[in-house]
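The values are calculated or read from the model by the stated rules, or taken from the named source; none is laboratory data. Owing to the predicted nature of the structure, the values given are computational and were not obtained by experimental measurement. Every residue, glycine as well, gets a Cβ built from its backbone with ideal geometry; the counts of neighbours run over all protein chains shown. When the accessible area is computed, the model is the full protein with side chains, heavy atoms only, and any ligands, DNA or RNA have been set aside. Shrake-Rupley method; radii C 1.70, N 1.55, O 1.52, S 1.80 Å.
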Amino acid sequence: MDQDMTDGKRQKGRPKLSVLEKSKSRAARDYRAYLHTFGSEFDDEIERKRVQFYESDEQMGRPPLSLKQHQEKARTVWDGSWTAYVKQCEVDSVEPESPKDLEKHKARDKAGRRGNDRIVYLLKYARQQKRKAENAEAVPDLDYNESLKNTRGRVPMTKLEKVAHYNQKAKSAELEIVELIANLPKSEQLYYKIHDFKIERRQTLMCITNPGNPQALTMALSAEQATQNIMELDTAIGALEVERHEAIKKETPKKSKPKKMTPNEISEKARAILSNAHENASDEMRTQADQDLKEMQDKSKRLDELLNKARADRLRKRIQEQEQELIEMGIDPAKVMNG
């Protein structure tokens, strides 16, 4: 028996998954990622990156991948995880599920922390560009100018140009963040504020726990200043968490509870139900009677048609017999008819 269980301690975290469960989850996740590349949202994101790259003045780095290349990469990953899942099913003597069923496996699983999205990426990008601008500005002018003499390739930017360049990138990211957040509900807007404060708190904490870290050196805070800033951030985060909780409650549609009925209302409702039942029964009876009458009328009409046809057939047969008798007597029936 596990040592934790023998000590009477409950195991923390999620239950341990088997190899089959892990391969199944991976295959399901990769299949959904492959299908996502065929969505309009993914297509718009790829087009936005392509336009941003080719319309920029510098065009640094490799060009963005095309939509087809992204789909091929996702398909390769999916093929690998699917093959591994099928092999593991063979090892465990289990019938593998179809891709259509795999798509639904843990599709709504919210375990773990929330994944990064475009806004979180832009928040991080803006912080990085601001930090680069601060680092460039902190370099003494003489040292910076001396370093320019030893560079190769394209003409480097001056110190002012570099600081303005990084600040402009941070500003562009912040403008995009404002546009994306504008249409979000208040609870989501508060989520990103809280997320940004938590990142700032984590970076500030490094000034105490790891003062030699480059980010901690850039912030240049003493342990006392960092502690004070962390306390202020904790207070702000707590207030925002409460505000976000209230916003979520307001945004969540309330379930209407049925109104409690008085004895008189219950009696009236029962009488109304009985009355409606009798009316419906009467309507059904009238409808059935109308249908029966119509069927009888149709049946009588068909019988009349059959009788008239039978009479006509008998009369026609009798005329034919009389004409035959006249012919046998040597008399032309046509001359008899014409007088």
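Side notes on the structure shown:
- Residue list for the range 292-323, filter: under 60 Å from the mean Cα position of the chain (by Cα) and among the aliphatic types (A, V, I, L, M): LEU293, MET296
- In the range 162-175, the residues that are among the β-branched types (Val, Ile, Thr) and open to solvent by 50 Å² or more (accessible area, probe 1.4 Å): none
- Number of residues in the range 146-161 that are within 18 Å of GLN129 (Cα to Cα), of a type outside the set (S, T, N, Q) and open to solvent by 60 Å² or more (accessible area, probe 1.4 Å): the value is 2.
- Residue count, the range 52-68 (criterion: open to solvent by less than 80 Å² (accessible area, probe 1.4 Å), at pLDDT 80 or above and in a helix (DSSP H, G or I)): 1
- The conditions of being touching a residue at least 40 places away in the same chain (Cβ under 8 Å), within 21 Å of ALA138 (Cα to Cα) and either not in a helix (DSSP H, G or I) or not hydrophobic (A, V, I, L, M, F, W, C) (or both) are met by GLN215.
- Total residues in the range 195-209 satisfying the condition of being farther than 19 Å from TYR125 by Cβ and surrounded by 15 or more Cβ atoms within 10 Å (Cβ to Cβ): the figure is 6.
- Scanning the range 1-39 for residues that are outside any loop (DSSP other than H, G, I, E, B), at pLDDT 75 or above and open to solvent by 90 Å² or more (accessible area, probe 1.4 Å) turns up VAL19, LYS22, ARG26, ARG29, HIS36.
- Being at pLDDT below 85, open to solvent by 60 Å² or more (accessible area, probe 1.4 Å), among the basic types (Lys, Arg) and assigned to a helix (DSSP H, G or I) holds for only one residue in LYS49, LYS73, and it is LYS49.
- Verdict on ASP79 being open to solvent by less than 100 Å² (accessible area, probe 1.4 Å), modelled with pLDDT of 90 or more and among the charged types (D, E, K, R): yes
- Residue check, GLU103 within 30 Å of LYS198 (Cα to Cα) and either at pLDDT below 90 or aliphatic (A, V, I, L, M) (or both): no
- For the range 118-142, filtering for residues that are closer than 21 Å to MET219 by Cα and open to solvent by 90 Å² or more (accessible area, probe 1.4 Å) leaves 5.
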